[in-house]
Amino acid sequence: MAEQSTNPLGRPLPDGIVPQEIVARTEKRWIMTMAAMLLLMMAVIVLSGITGALHPSSNVEVVDPTTLHLQGEFVESNLGTAIEPDGIVTVRLIAQQYDFVPRCVQVPVGTPVKFRLTSADVVHGFLLPDTNVNTMVVPGFVAEVRTRFAHEGEYAMPCHEFCGLGHHAMWAHVRVVPTERFASAFSRRLVAPRERFTCGSP
């Protein structure tokens, strides 16, 4: 009995100290959990990489930046605002050093709007503050962003990707107008198709 009390291995553990067997078992469980999580993350990365390489995203559209003004969707007569058969308003713009073409466009309030942009030279940015519109405009590709404007007003549209010495002055505007006013202006444009449907007069 006296030998048991003097042997440190035979004494009961003080309160708050966890036995070694429990500590070892807990550490082993945590190691197995972390290893499983690591394997799962690696599998997701590998599968995403393989899937992305075999099947590119469906919204990837290429365009020849050297012939933008000559043929295709982004010829000068096709830029600006257009109404699609399904009622969506499409705005086509070209970003180039150091300007957006056209510099100002009109869209109706409360209507789905689709912005389609491309670059004629270098990488630009397209940002409409206080909206979900924020994308890079890369030469050779078409960027598409969809939104809906809840309020009338004019939105400043800066290039937010450094594109050269004149980058700070590269701004455009989106004017959101009442639906009736937009429809009236658009019908006038159909009568006079040479008139570019941009901001014009307020």
(request) Within region 144-174, track down each residue that is in contact with a Phe, Trp or Tyr (Cβ under 8 Å, 6 or more places away or on another chain) and charged (D, E, K, R). (result) 144, 146
(message) Condition first: surrounded by fewer than 20 Cβ atoms within 10 Å (Cβ to Cβ) and part of a helix (DSSP H, G or I). Can you find one or more residues in region 141-160 that meet it?
(response) no
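So which strands (runs of 3 or more DSSP E) stay within region 48-135 end to end and still have 2 or more residues that are touching a residue at least 60 places away in the same chain (Cβ under 8 Å)?
Fully inside region 48-135 and qualifying: 80-83, 89-96, 99-101, 104-108.
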(message) Quick check on region 59-89: of everything there that is over 19 Å from residue 138 (Cα atoms) and among the β-branched types (Val, Ile, Thr), which residue is surrounded by the fewest Cβ atoms within 10 Å (Cβ to Cβ)?
(response) 88
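We did not get these values from a lab; they are worked out from the coordinates using the rules stated. Predicted model, so just to flag it, every value in this text is computed and none were measured. Glycine gets a Cβ as well: all are built from the backbone with ideal geometry, and neighbour counts include every protein chain shown.
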